[in-house]
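Comments concern the structure below.
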Amino acid sequence: MTIDVVNESGVEVAEKDIADLARHVLDSLRVHPLAELSVLLVDEAAMTELHVKWMDEPGPTDVLSFPMDELRPGHLSGGADEDGEADPGLLGDVVLCPAVAERQGREAGHGTAAELELLCAHGILHLLGYDHAEPEEHREMFGLQAELLTSWQEKRGRS
């Protein structure tokens, strides 16, 4: 699995931890081991530009997802081979804004690193077709997100 993390935010971030979390999420969801993911960390100006251009929303946001090959988790129907693994391909891009994550992490009481982990997992779920527009979708996506983050914390020896 190829996971590229590029930090253009000007903020020091543990890129390896983000890549490790992304690998955990993709492995847990049985995404094909040859899938490719890009995680880009940007400053508020770049995130504002993307947010306006693609979502027609003002100001910076915390995370944006840009799916490419419409891959799905291996445990979902469609896109899986006879072994139950999803097809390989380019998953897409997750764009994170550490400056926004820092504010949100402080407000949530868990810090920037934990907020970036949450946002990265959230962005990957969007790449895999999850959404939270409807109440049932919200429950499913945020429930899965919580499970993935809990298993990640347990794997890393945190709780």
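The values are calculated or read from the model by the stated rules, or taken from the named source; none is laboratory data. Only a predicted model underlies this, so the values are computations on that prediction, with no experimental measurement involved. Note that each Cβ is placed from the backbone with ideal geometry, even for glycine, and that neighbours are counted across all protein chains shown. For accessibility, only protein heavy atoms count, side chains too; no ligands or nucleic acids. Shrake-Rupley method; radii C 1.70, N 1.55, O 1.52, S 1.80 Å.
Among the residues of region 5-32, what is the count of those that are open to solvent by 30 Å² or more (accessible area, probe 1.4 Å), among the polar types (S, T, N, Q) and in a loop (DSSP other than H, G, I, E, B)?
So the count comes out to 0.
This table checks each residue for (1) touching a Ser or Thr at 6+ places or on another chain (Cβ under 7 Å); (2) open to solvent by 50 Å² or more (accessible area, probe 1.4 Å).
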| position | (1), (2) |
| --- | --- |
| 34 | no, yes |
| 41 | yes, no |
| 45 | no, yes |
| 48 | no, no |
| 56 | no, yes |
| 59 | yes, no |
| 67 | no, yes |
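Of all residues in region 47-67, count the ones that are touching a strand residue (DSSP E or B) at 6+ places or on another chain (Cβ under 9 Å), among the hydrophobic types (A, V, I, L, M, F, W, C) and in a helix (DSSP H, G or I).
Within region 47-67, residues that are touching a strand residue (DSSP E or B) at 6+ places or on another chain (Cβ under 9 Å), among the hydrophobic types (A, V, I, L, M, F, W, C) and in a helix (DSSP H, G or I) number 4.
Among what's in region 87-99 and is open to solvent by 10 Å² or more (accessible area, probe 1.4 Å) and closer than 27 Å to residue 43 by Cβ, pick the residue that is nearest to the chain's Cα centre (by Cα).
Among them, the one singled out is 93.
Of all residues in region 101-115, count the ones that are within 19 Å of residue 46 (Cβ to Cβ) and open to solvent by 10 Å² or more (accessible area, probe 1.4 Å).
The total comes to 5.
May I ask you to list the residues in region 15-40 that are in contact (Cβ under 8 Å) with a residue 60 or more places away in the chain, within 17 Å of residue 63 (Cβ to Cβ) and among the hydrophobic types (A, V, I, L, M, F, W, C)?
Once the filter is applied, which keeps residues that are in contact (Cβ under 8 Å) with a residue 60 or more places away in the chain, within 17 Å of residue 63 (Cβ to Cβ) and among the hydrophobic types (A, V, I, L, M, F, W, C), region 15-40 yields 18, 21, 22, 25, 26, 37, 39.
Taking the options 117, 136, 107, name whichever one is in contact (Cβ under 8 Å) with a residue 24 or more places away in the chain and not aliphatic (A, V, I, L, M).
None of the other options fit; the residue is 117.
Keeping to region 119-146, report how many residues are in contact with a helix residue (DSSP H, G or I) (Cβ under 8 Å, 6 or more places away or on another chain) and open to solvent by 50 Å² or more (accessible area, probe 1.4 Å).
Number satisfying all stated conditions: 2.
Considering only region 147-159, state which residues are touching a helix residue (DSSP H, G or I) at 6+ places or on another chain (Cβ under 9 Å) and surrounded by 11 or more Cβ atoms within 10 Å (Cβ to Cβ).
Result: 147, 148, 149, 151, 152, 153, 155, 156.
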